[in-house]
Every structure is written in structure tokens, then in C-alpha cells.
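Before any comments, here is the structure.
The values are calculated or read from the model by the stated rules, or taken from the named source; none is laboratory data. None of these values were measured; they are calculated from a predicted model. We place every Cβ from the backbone using ideal geometry, glycine too, and count neighbours over all the protein chains shown. Heads up: the accessible areas ignore ligands, DNA and RNA and are worked out on the full protein's heavy atoms, side chains in. Shrake-Rupley method; radii C 1.70, N 1.55, O 1.52, S 1.80 Å.
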Amino acid sequence: FYQMNQVIHSRAQKLDYKANHDELTGLKNRSTLFKGIEKTIQLKKDSNLKCGVCFIDLNEFKQINDSFGHDAGDSVLIEAANRIQSSIRSDDNIYRIGGDEFIVLIQSVKSHLEVNTIIQNVLRSFDTPLTIQEQAIELTVSIGIAMSPDNSVNSEELLNYADIAMYSAKNDQNTHYKFFNRKMLKRASDS
């Protein structure tokens, strides 16, 4: 009975891991994202601390995938995940929510300046080109950031606002990241 119990427990753990983690990168996936955001918001509720949701999109990933093939695209996603993971703080969380989209959940900051430092680390991690099929490829990202409680205390709204800010950054040739502001809602509804 003990051995059977161990086998069942081990299988249950493996199934739980598969259900909650991206198969390619090993990162947490979309299924745990909203719970993670909500938990972080609740933990900051009675403090002067903030949390941030950073929506990260790889620029021109489709062209890389089309030019070099899906295996190369998978390698790029794994490398991007590793670079992002190594550039954030150990208590922050990273998720791959699909395709070339990643979320970094910044657990605890006092100000936008701290988030700015984290984002600069992420951007610097992409300074070194990737090598794909013996070609050096520049990989850049666009990042949108929404803060709680500043922008919202609702996890879905925060993710949506970070997404809107990311598209705003992607459309601005002068920057790779933007913090969400309410003016972006009007521009998003106009397009």
C-alpha cells in the first residue's frame, strides 16, 4: 500500500506540474496567473507597497519563426524565458501565457523607480544577440506595466492595462516599455 500510495502521489504531482507549467519553457502558465496576481494584490492591501504586472512581448518573433522554422522559434522562446528569469528578482514571478508573450509579476515595490530598475535589467538581458543557425539575431521586447493599487486592484484589469501599455510601447519607436496611464484607454478604443 505504501508503494502504491507513493506512485499515486508522484503521478499526481507530475500531472499538477504539467497543468500549471508551460511545457516548452517550464515557466508557470496562464492557468495560475490570475490566482498569482490576486494573491499578490491581497498581500499588499494593508501596506504602502505596490505590485506590478509587466506584459512582455518579443518583437518580430513571427518573422524569426517563419524564417528559421519552429524549432528555432522554440529555442528563441526558451532563451527569452531564461534571460527574463535571470534578470528579475528571485521573489518575482514569470509566466508564459502563450506564443511569445510573457508576464512578470513584480511582488513588492515602493515606487515606479524600483520597477524601472527591474525593467532596465530585463532590457539589458536582450542586448546580446542570439545565434540562430549561425546567424546573429537581435531580439528586442516591448513591455507594458500596470501597477496595483495605482491602476487597479482587479487582476483582469491589471493584465488588460499592462497589455494596452505594451502595445503603446510597441507602437512608439522611442521606447521599449511604458507604464499604463488612463489616456491609453481612449487610444486603445479609438484603434
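Within the range 110-141, how many residues turn out to be in a loop (DSSP other than H, G, I, E, B), touching a Pro at 6+ places or on another chain (Cβ under 8 Å) and exposed (fewer than 15 other Cβ atoms within 10 Å of the Cβ)? First the steps, then the outcome.
Of the residues in the range 110-141, the ones in a loop (DSSP other than H, G, I, E, B) are 110-111, 125-129, 133-134, 138-140.
Going one step further and asking which of them are touching a Pro at 6+ places or on another chain (Cβ under 8 Å), we end up with 138-139.
Next cut, exposed (fewer than 15 other Cβ atoms within 10 Å of the Cβ) only: 138.
The total comes to 1.
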* To do: State yes or no: is residue 41 assigned to a helix (DSSP H, G or I), in contact (Cβ under 8 Å) with a residue 12 or more places away in the chain and more than 13 Å from the chain's Cα centre (by Cα)?
  => yes
* Asked: For the range 174-191, what are the residues that are under 23 Å from residue 38 (Cα atoms) and open to solvent by less than 70 Å² (accessible area, probe 1.4 Å)?
  -> 178, 179, 180, 181, 185
* Structure fact -> If we ask which residues in the range 29-83 are within 19 Å of residue 147 (Cα to Cα), open to solvent by less than 20 Å² (accessible area, probe 1.4 Å) and not small (Gly, Ala, Ser), their number turns out to be 10
* Matching entry among 113, 77, 27 (being in contact (Cβ under 8 Å) with a residue 60 or more places away in the chain and of a type in the set (A, V, I, L, M)) -> 27
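Mind listing just one residue for me: the one in the range 1-25 that is surrounded by fewer than 17 Cβ atoms within 10 Å (Cβ to Cβ) and touching a Lys or Arg at 6+ places or on another chain (Cβ under 9 Å) and, of those, farthest from residue 98 (Cα to Cα)? Outline the logic, then answer.
Just the residues of the range 1-25 that are surrounded by fewer than 17 Cβ atoms within 10 Å (Cβ to Cβ), to begin with: 1-20, 23-24.
The next check asks that each one be touching a Lys or Arg at 6+ places or on another chain (Cβ under 9 Å); those that pass are 20, 24.
Details: 20: 13, 24: 11 Å.
Per the stated criteria, the residue is 20.
Condition first: in a helix (DSSP H, G or I) and among the acidic types (Asp, Glu). Now tell me which residues in the range 55-93 satisfy that.
66, 71, 74, 79
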* Asked: Is it fair to say residue 35 is among the charged types (D, E, K, R) and either farther than 29 Å from residue 133 by Cα or assigned to a strand (DSSP E or B) (or both)?
  -> yes
* **Only one of 171, 160 that is surrounded by 13 or more Cβ atoms within 10 Å (Cβ to Cβ) and free of Cβ contacts under 8 Å to residues at least 24 places away in the same chain** => 160
